[in-house]
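Student: Here it is, the structure in full.
The values are calculated or read from the model by the stated rules, or taken from the named source; none is laboratory data. Small disclaimer: the values here were computed from a predicted structure and weren't measured. Here Cβ is always computed from backbone atoms with ideal geometry, including for glycine, and neighbour counts include all displayed protein chains. Just so you know, the surface numbers come from the protein's heavy atoms only, side chains and all, with ligands and any DNA or RNA stripped out. Shrake-Rupley method; radii C 1.70, N 1.55, O 1.52, S 1.80 Å.
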Amino acid sequence: MTIAVGDKLPTATFKEKTADGPVEVTTDDLFRGKRVVLFAVPGAFTPTCSLNHLPGYLEHRDAILARGVDDIAVVSVNDLHVMGAWATATGGMGKIHFLSDWNAAFTKALGMEIDLSAGTLGIRSKRYSMLVEDGVVKNLNVEDAPSQAIVSGAATMLEQLDAP
C-alpha cells in the first residue's frame, strides 16, 4: 500500500551525519508538532538529484520556511556517509536534514520503493515530495519517472504552500 494524503507516517529511524557526528533521527523527532517538507530522491550524487531536485530546495529554503514550514528534509536509500558527503558537497549541511534510509525500511513502509537494478542502483526510493503536519501527510507529489523532478520539486511545493 502506498502512503496517501491524510495518512500518518510510519515510525522509522534514520541516520544523519551532522557537524557533531552521526545521529539517529526518528520520525517523532522530525515530525511531531511540526510542519515539515520531506522530499525523497533515488540516490545522492545521481544527476537529476544533484543537478535539479536538491538545488531547488536549497535555493528556495528560506522562502519555504517563511511560509510556516519548520524544517526541510531529504531522504534517500543511501548510507549515512554518502548522505553526509552529499550534504557537504552541495553546501546543504546544516540547512536541511540529509536522512539516510540505509535499509529502505521507511521507503518500503511508505510503499515508495522502486527497483532500479537495471540501472545498477538496486532498490531505491521513488522521487516524491510531501508536506507533513504533525506526522500526517497533507500534500503528496510523486514523479512518474525517476529521471524527472517536476511535480516533486521546490517550485511545486512553494505553489502548494501558497494555496489556500
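Student: Please compute the per residue accessible area over the stretch 1-84 with all protein chains in place, 1.4 Å probe, rounded to a whole number of Å².
Tutor: In whole numbers, the stretch 1-84 has 47 Å² accessible per residue.
Student: Sorted by packing (mean other beta-carbon atoms within 10 Å per residue), highest first, where do 148-161, 61-74, 11-24, 31-44 land?
Tutor: Numbers: 148-161: 17.9, 61-74: 16.4, 11-24: 14.4, 31-44: 20.7.
Listed from highest to lowest mean packing, they are 31-44, 148-161, 61-74, 11-24.
Student: Over the chain, what is the percentage of antiparallel beta bridges among all DSSP beta bridges, to the nearest 5?
Tutor: Working: 23 of 34 bridges.
Bridges in the chain are about 70 percent antiparallel.
Student: Rounded to the nearest percent, how much of the accessible area of the stretch 88-164 (1.4 Å probe, protein heavy atoms only) is carbon and sulfur? Don't skip to the answer; put the middle values down first.
Tutor: Numbers: 1880 of 3580 Å².
Whole-percent figure for carbon plus sulfur exposure: 53.
Student: If you don't mind, another one. Let me know the whole percent of all Cα-Cα pairs from the chain that are separated by more than 25 Å.
Tutor: Working: 2792 of 13366 pairs.
Summing the P(r) tail past 25 Å for the chain gives 21 percent.
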